[in-house]
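The values are calculated or read from the model by the stated rules, or taken from the named source; none is laboratory data. Here the structure is a predicted model, which means the values were calculated and not measured. Ideal geometry is used to build each Cβ from the backbone, glycine not excepted, and the neighbour counts take in all protein chains shown. Accessible surface is based on the protein model in full, side chains and every heavy atom, while ligands, DNA and RNA are left aside. Shrake-Rupley method; radii C 1.70, N 1.55, O 1.52, S 1.80 Å.
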Amino acid sequence: MNILQKVEEKYISIFNKSSEIRVKAPGRINILGEHTDYNNGYVMPSAIDKGIYYSIGKRNDQKLEIYAIDLNQHFEAEDINNLEIKDKTWSNHLTGVLLEIAKLGLVFPNGLNICFGGDIPNGAGLSSSAAVEAGIGFGINQIFNFQISLLTLAKIAQATEHNYVGVKCGIMDMYASLFSKKGHVIKLDCQSLEHEYIPADFEDYTFVLVNSDVKHNLADSEYNIRRAQCQEGVNVLNQKFGGINTLRDVTFEQLKSVKTTLDPIVFNRCQYILEEKERVEQASDALIQQDFKKLGEIMNKTHEGLSHMYEVSCEELDFLQKEACKIEGVLGSRMMGGGFGGCTLNLLKNSEADNFKEKISASYFDKFNITPEVYTVHLSQGVQIIA
Ligand code: GLA
């Protein structure tokens, strides 16, 4: 039985009838552009074939009932138009979206029954929470015919993280879950919020994820600290030069000129972002030209920056990256996502995929006594209604 069937079956067993709509919202990878989204730079994500699946149906009353089948937990509220947010709980990812939709001045005409589950490994940096938020927003929009645009749904999902989850994330993850196109990478300008699709034909190469199995517990608070450090840099630069709203607007010369004024850690954070901005440009050119060797080199440099300048890596991710680069056929490797755990993204020769999996698993096991999950990446369609 696939996950969709499992979710629908659960729905039927709880609510004694079939759902009205079924939605799949995918997780994502990011080829390049890490921590650039909230600095208004570019990112290059794509949806993958792992996702969150929803079964949703209207009720005759105003109640909201949600079943999270992977957590085996349930949430209920008497009035869908009068929701309260609880302290740090899983259901905020969904009720937060409803509250943000209500802020648009929309009223829910009925209560809802919702059942969901998925196969995005939790804490792997593949954006399961953004998929939860994108999926529920998309489903509600559909079932009530609210006509909310995809971009607004992405902003709603991001606001949910900010206001009800406490992570001041950028917009990349939810944008990727909503806008991705099968077989393509999105090049998203996080300033204009416009994107282009780059066809991704990897020819003889493939992307493979290795899950360190380190859950990013530190990530939420450290993530917000990184954001604040970038802002600190912006404030100093803006005082000196004016007209600087984000690190997107800053040149290397300008940054260098405030080096002695800035806290050295803040300087490193800013320097990393400026370098990563350049690397995204190089990486998108390399992808378009199918210069995979170049793309691999850029990925390695990004890892170095994330590890030493932005300091969001960890021992396990550094080990996986370094070991990957020693294996035959590997062009590049880097930690992916917010950091402090989750997956590495590896670019390698198709023909070496089995050997890679075996070698990286063995060396990780030797060192940390963990057998890592290894997934081949399939670039997939964004959120969709499933028949
Ligand atoms: C997390 C955030 C994203 C982005 C990445 C780092 O996934 O949710 O907005 O900042 O980290 O690139």
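Residue count for segment 198-229 under the criterion of being touching a helix residue (DSSP H, G or I) at 6+ places or on another chain (Cβ under 9 Å), open to solvent by 70 Å² or more (accessible area, probe 1.4 Å) and not charged (D, E, K, R): the result is 1.
Inside segment 30-82, can you point out the residues that are among the aliphatic types (A, V, I, L, M) and without any contact (Cβ under 8 Å) to a residue 24 or more places away in the chain?
Residues of segment 30-82 among the aliphatic types (A, V, I, L, M): 31-32, 43-44, 47-48, 52, 56, 64, 66, 68-69, 71, 77, 80.
Within segment 30-82, Leu71, Ala77 qualify.
The combined condition, being under 30 Å from Ser333 (Cβ atoms), open to solvent by 10 Å² or more (accessible area, probe 1.4 Å) and either away from the ligand (no atom under 16 Å from the Cβ) or part of a loop (DSSP other than H, G, I, E, B) (or both), is not fulfilled by Asp61. Filtering segment 28-46 to residues that are open to solvent by 10 Å² or more (accessible area, probe 1.4 Å) and more than 10 Å from the ligand (Cβ to nearest atom) leaves Asn40, Tyr42. Within segment 6-28, being within 19 Å of Ser128 (Cα to Cα) and touching a Cys at 6+ places or on another chain (Cβ under 8 Å) holds for one residue alone: Val7. Among the residues of segment 1-53, the ones that are in contact with a strand residue (DSSP E or B) (Cβ under 9 Å, 6 or more places away or on another chain), over 26 Å from Phe144 (Cα atoms) and not in a strand (DSSP E or B) come to 10 in all. Of all residues in segment 334-361, those that are open to solvent by 10 Å² or more (accessible area, probe 1.4 Å), more than 16 Å from the ligand (Cβ to nearest atom) and not in a helix (DSSP H, G or I) total 1.
Summed over segment 83-93, the residues that are touching a residue at least 24 places away in the same chain (Cβ under 8 Å) and in a loop (DSSP other than H, G, I, E, B) give a count of 3. Residues in segment 64-77 that are touching a strand residue (DSSP E or B) at 6+ places or on another chain (Cβ under 8 Å) and assigned to a loop (DSSP other than H, G, I, E, B) were compared, and the one that is farthest from Phe108 (Cα to Cα) is Asp70.
Total residues in segment 94-115 satisfying the condition of being closer than 19 Å to Ser149 by Cβ, open to solvent by less than 40 Å² (accessible area, probe 1.4 Å) and in a loop (DSSP other than H, G, I, E, B): the figure is 1. Does segment 69-90 contain at least one residue that is open to solvent by 30 Å² or more (accessible area, probe 1.4 Å), of a type outside the set (D, E, K, R) and within 16 Å of the ligand (Cβ to nearest atom)? No; the residues of segment 69-90 include none that is open to solvent by 30 Å² or more (accessible area, probe 1.4 Å), of a type outside the set (D, E, K, R) and within 16 Å of the ligand (Cβ to nearest atom).
All conditions in (1) assigned to a loop (DSSP other than H, G, I, E, B); (2) within 12 Å of the ligand (Cβ to nearest atom); (3) open to solvent by 10 Å² or more (accessible area, probe 1.4 Å) hold for Ser129, with the sole exception of (1). Strands (runs of 3 or more DSSP E) fully within segment 140-256 that include at least 3 residues being touching a Phe, Trp or Tyr at 6+ places or on another chain (Cβ under 9 Å) and not polar (S, T, N, Q): 184-189, 205-211.
Does Gly382 qualify as being at positive phi and in contact (Cβ under 8 Å) with a residue 12 or more places away in the chain? No; evaluated as a whole, the condition is false for this residue.
Only one of the listed residues (Ser149, Ser212) is of a type in the set (S, T, N, Q) and more than 16 Å from the ligand (Cβ to nearest atom). That residue is Ser149. For segment 7-27, residues that are open to solvent by 10 Å² or more (accessible area, probe 1.4 Å) and of a type in the set (A, V, I, L, M) total 3.
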